[in-house]
Amino acid sequence: EGATLVAGGLGRPENLKNADGFYVRPTVFANCKSNMTIMQEEIFGPVMCITPFDTESEALEMANDNPYGLANYVQTRNLQRRRRLGRLLQSGMIDMNDAWGDFGSPFGGVKDSGWGRESGMYGLEEFCIIKAVTGFDELEDDIDEDDIVDDVDDDDDEEETQSIA
């Protein structure tokens, strides 16, 4: 589609030719355009696509112009730009200036990269059931637990019933 192969490509890395398993050479493409397949797919592997841009707005538009949103990486010494891009990039994780999230950071994407999170507090919430219960306030006509009697008939196989004394 017109991208330029800068490094890597097909085949195994030289140092892993005799290793068991599946490996791909780290690959870098330059002169990529937003409409190219490699810019519109979520590639899981050591592949980098390099695209020039002139303005922050243009870079932001290119970064958000695909159906995926797992992670973005930003390199800038400008604090205001980091904060702005952190808000505007459409992804579940944004790493800036080689800073990586710690093990308690949530992991997950947005758009077609999926919903939900793993790790951290948000990852634990995936295993919780959220329940809404109303009417906890004490009312004047509430029944006291001491007034509830359990009627159990040992001779019958009927279910236990509760009645008010």
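Tabulated data
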read-out	value
The stretch 38-99: trypsin sites (Lys or Arg not before Pro) in DSSP coil with no more than 15 other Cβ atoms inside 10 Å	Arg77
3J(HN,Hα) from dihedral phi, the stretch 84-91, Karplus parametrisation 6.51/-1.76/1.60, rounded to Hz, x for glycine, proline	5, 5, x, 7, 8, 5, 9, 8
Lys/Arg +1, Asp/Glu -1 at C-beta; the stretch 1-152 dipole; positive extreme among Ile38, Ala132, Val28	Val28
Counting DSSP beta bridges with both ends in the chain, the antiparallel % (nearest 5)	60 percent
Mean accessible surface per residue for the chain, computed with a 1.4 Å probe while every protein chain stays in place, in Å²	82 Å²
Largest-first ellipsoid semi-axes for the stretch 78-142, taking √(5λ) over the Cα gyration tensor eigenvalues, angstrom	38, 16, 12
Residues of type lysines that Lys33 reaches as a straight line, Cα spacing below 29 Å, ignoring anything fewer than 8 places off in the same chain	Lys111
Computed log₁₀ I(q)/I(0) - Debye formula, equal Cα scatterers, no solvent, the stretch 1-85, q 0.15, 0.19 Å⁻¹	-0.68, -0.96
Carbon + sulfur, % of accessible area of the chain - ligands and nucleic acids excluded, 1.4 Å	51 percent
Those residues of the stretch 27-45 whose amide nitrogen sits under 17 Å from the label point placed on Ala7, 7 Å along Cα→Cβ	27-32, 45
Rounded to the nearest 10 Å², the accessible area of Tyr23 at probe 1.4 Å	100 Å²
Sum of -39500 (n - 2.57) over DSSP H runs of 4+, divided by residues of the chain (222 nm, nearest 500)	-4500 deg cm²/dmol
Rg/Rg_ref, the chain, where Rg_ref = 2.2 N^0.38 Å and atoms are Cα	1.86
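The values are calculated or read from the model by the stated rules, or taken from the named source; none is laboratory data. Quick caveat: nothing in here was measured; it's all calculated off a predicted structure. Please note: Cβ atoms are built from the backbone with ideal geometry, for glycine as well, and neighbour counts cover all protein chains shown. SASA here: full protein model, heavy atoms, side chains in, ligands and nucleic acids out. Shrake-Rupley method; radii C 1.70, N 1.55, O 1.52, S 1.80 Å.
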